[in-house]
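Single-structure report; data block below.
The values are calculated or read from the model by the stated rules, or taken from the named source; none is laboratory data. Treat the numbers as computed from the prediction; the structure is a model and nothing was measured. Don't worry about glycine lacking a Cβ; one is built from the backbone with ideal geometry, like all the others, and counts go over all protein chains shown.
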Amino acid sequence: MSNNFEQMQKDLYDGKFSEVEAATKTALDEGMGAQDILNNGLVAGMEIVGRDFKSGELFIPEVLMCARAMHAGLEVLRPLLAESGAASMGKIILGTVTGDLHDIGKNLVSMMLQGAGFDIVDLGTDVKPEQFVAAVRDEGADIIGMSAMLTTTMPSMKSTITALKEAGIRDKVKVIIGGAPVTSKFAEEIGADRYAPDAGAAVDTVRELLV
Amino acid sequence: MKTLKPYLKYLSDAQIEEINEGSMSLLENTGIMVDHQEGLEFLEKHGAKVDYQTKRARIPRKLVTRALETVPDRFTLAARNPEKDCPLIPGGRPYSRNGGGADFTIDLETGEFRPLLHADVKEYYKLMDALEGISFIAPVFGQDMPVIGRDILMLREAFGNTDKPIHLRAFTGESLKLMFEMAAIVAGGKKELKERPIVSLLEAPISPLKFLDVTVDALWLCGEYGIPLDVCVMPIAGGTGPMTMAGNLQLLNTEFLAGVVISQLANPGAPLQYAARPMAMDMRTGFSMAGSVELGMMASAGAQMARFYNVPVSLHGPWSDSMSHDGQSILERTYMNTMAALSGANVLVGAGMMQQSLVISQEQLVIDDEINRIAFRAVEGFEINEEHLAAEVIDRVGPGGNFVADMHTYKFLRSERFETKLLYHNSRESWEEGGSTTLVDRAKEKALIIIKEHQPNPLPEDLGKELDEFVSKALKSLEK
């Protein structure tokens, strides 16, 4: 059986989504457990992808193609995993803060996190503190990720954290911030949990916070 | 007679036509998104097909053609001091400005990376005012200043510290209008400002193909006041633009033409520049790169498109991703700037900037002054005529002689060569005697001297007073 997983991981690495989907179905037909296929086929495959991304061997679009293949398999397993009660990996609310309309960085983070298997609620651009607060309440998210491209909009990140405190839900979520002018020092100053300098680091940071 | 203008060319005439055709067809079939109700109505009135639900305007070819007909082929970035005017003419000499919008600096005294502060601002203006290779100035902002009205305060300081043309940056549409009013005060009236616009502006659609309401407002306000506008198109290849260089250029050109339509149909003849600023995403990290040879290649092709439409062109010049003013910085900015200048750029943008335009430094500005002046010199070419070809002189000196003491040498001694202010060309012995300084050491020393000694041409007192009164009223109106 391990040979099959090897092939599934290789196909996933090459972004062959229909092959991964077919292999997942075959594995189920052969009587393997959904959790087993997820852990030893798909997740193990994405770990290799993550390693090679970090070492600079893989480019972002290649990682996204791998993630697409992983999702093709995951969709097959999802009904079975839901039955067995295997929970989602985590839910993350993303948004570019109020006054700011730049979103390519935030979108990259969103794509990479989805690729890694997290559920994303993307609030878009120009997101006000109260919208973040409402989303945390409505969605029951684990993390909010805020992005800012301008120093003039960065103060809104602090306002959001204050709004979370005032709503009494600051301890319910972790806050990660990023964007061109943002620094780890700024994250510390405003009481964010973490700062992530790029999309790859954002995925790692989310993983660390949710483990 | 001068030598030829050295134009770097990537595109054949047929390829230029192909890109133009592609843009016309994209504008007609795909269209642009205009997040501005009045803008959509305006475009519809002129014959565009508008879908108000998706805010999509599909622009027929004849509209684009009509808009292109009224774009002026030249205009002048005027200066408070007319000697420092920058006339932008296709095929003319390049000018340059610093990069705007840096958030951080590398401290001139300590070398520490830190936020740019209000206290730094005056020093930056003084320095840029003194440097000949910085033709006009984009304000720099202190992070410790209040957010509301920061742009207005910075323009006030710029007017007081330089008599060069000023390139604005506005945080809101409201403050933009107030800044145009300030410019009108300094120019002596709204009509005078239109005749001699002492400020200019950059506006950028969001790639791909999206025009925000603030962008449309700014395009129209520039037209109304006659303020020169950089239609700044900067798709990021692999991110907000296609991965291929040709595709990124196709998108960039399409966005430029859309900007021309919005500007010219509202204000025919409004001065604008083709600001071809192609970007590229680092596909490993998602960062947008400033230093990459392909940026220079795409920009150069963009300059060819600008010449095809017969409008002045502004390109990224001295630019780098480097974290400090090190070898990488010099390498990237020198090839970027040289490629841009040799591609016929009217404006070379970026002096002082590092780290994806987040950082500006005084040493870097001093070095870029030199890099820019070298680029100006390279574009200028050289004189060719009987006297300059010097056959008679060669004959006079003859085989085995030398030219050092010849009258011909004496005559052209000072007019032929670029005069360096920073580069070292002497013996190791005298270099060691002078403290074995590097280029950056010498740039620092020069920056310190300029900041200490340079006295900018002040605003006339009554104008300063009038501006101050206007600014305090403007700030109050913004706070409401």
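Here are the numbers:
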read-out	value
Some residue of region B:154-166 being within 14 Å of chain A (Cβ to nearest Cβ), outside any loop (DSSP other than H, G, I, E, B) and in contact (Cβ under 8 Å) with a residue 24 or more places away in the chain	yes
Residue list for region B:187-221, restricted to those being crowded, with 22+ Cβ neighbours inside 10 Å, within 13 Å of chain A (Cβ to nearest Cβ) and part of a helix (DSSP H, G or I)	B:THR215
Residues satisfying the stated conditions in region A:152-189, i.e. away from chain B (no Cβ under 14 Å), in a helix (DSSP H, G or I) and in contact with a strand residue (DSSP E or B) (Cβ under 9 Å, 6 or more places away or on another chain)	A:THR160, A:ILE161, A:LEU164, A:ALA187, A:GLU188
Strands (runs of 3 or more DSSP E) enclosed by region B:1-88 - at least 2 residues per element that are surrounded by fewer than 17 Cβ atoms within 10 Å (Cβ to Cβ) and charged (D, E, K, R)	B:49-51
Residue within region A:140-158 that is under 18 Å from the mean Cα position of the chain (by Cα) and surrounded by fewer than 16 Cβ atoms within 10 Å (Cβ to Cβ) present	yes
Of the criteria (1) within 26 Å of the chain's Cα centre (by Cα); (2) under 20 Å from B:SER329 (Cβ atoms), which one B:PHE382 fails	(2)
Test result for A:LEU64, within 14 Å of another protein chain (Cβ to nearest Cβ), touching an Asp or Glu at 6+ places or on another chain (Cβ under 6 Å) and either within 22 Å of A:TYR13 (Cβ to Cβ) or outside any helix (DSSP H, G or I) (or both)	no
Considering residues of region B:449-473 that are hydrophobic (A, V, I, L, M, F, W, C) and over 25 Å from the mean Cα position of the chain (by Cα) only, the residue nearest to B:ILE371 (Cα to Cα)	B:ILE449
B:PRO278 being away from chain A (no Cβ under 13 Å) and within 25 Å of A:MET111 (Cβ to Cβ)	yes
Near pairs, Cβ below 6 angstrom, 6+ apart or cross-chain, from region A:148-176 (assigned by TED's automatic domain parsing to the domain that holds A:LEU101) to any residue that is part of a loop (DSSP other than H, G, I, E, B) and acidic (Asp, Glu)	A:ALA148/A:ASP100; A:MET149/A:ASP100; A:LEU150/A:ASP100; A:THR151/B:ASP103; A:THR153/A:ASP100; A:LYS174/A:ASP193; A:VAL175/A:ASP193
Complete set of residues in region B:349-402 that are small (Gly, Ala, Ser) and in a strand (DSSP E or B)	B:GLY350, B:ALA351
Of the criteria (1) outside the structural domain of A:ALA27 (by TED's automatic domain parsing); (2) over 19 Å from the mean Cα position of the chain (by Cα), which one A:PHE132 fails	(2)
Unmet requirement for A:ASP126, which otherwise passes all of (1) on the phi > 0 side of the Ramachandran plot; (2) touching a residue at least 40 places away in the same chain (Cβ under 8 Å); (3) of a type outside the set (Ser, Thr, Tyr)	(2)
Some residue of region B:399-407 being surrounded by 14 or more Cβ atoms within 10 Å (Cβ to Cβ) and either within 14 Å of chain A (Cβ to nearest Cβ) or closer than 23 Å to B:PRO90 by Cα (or both)	no
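Conditions (1) under 23 Å from B:SER207 (Cβ atoms); (2) within 14 Å of another protein chain (Cβ to nearest Cβ); (3) not in a helix (DSSP H, G or I), marked per residue:
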{"residue": "A:LEU42", "(1), (2), (3)": "no, no, no"}
{"residue": "A:VAL49", "(1), (2), (3)": "no, yes, no"}
{"residue": "A:ALA69", "(1), (2), (3)": "no, no, no"}
{"residue": "A:ALA72", "(1), (2), (3)": "no, no, no"}
{"residue": "A:LEU101", "(1), (2), (3)": "yes, yes, yes"}
{"residue": "A:MET112", "(1), (2), (3)": "yes, yes, no"}
{"residue": "A:VAL133", "(1), (2), (3)": "no, no, no"}
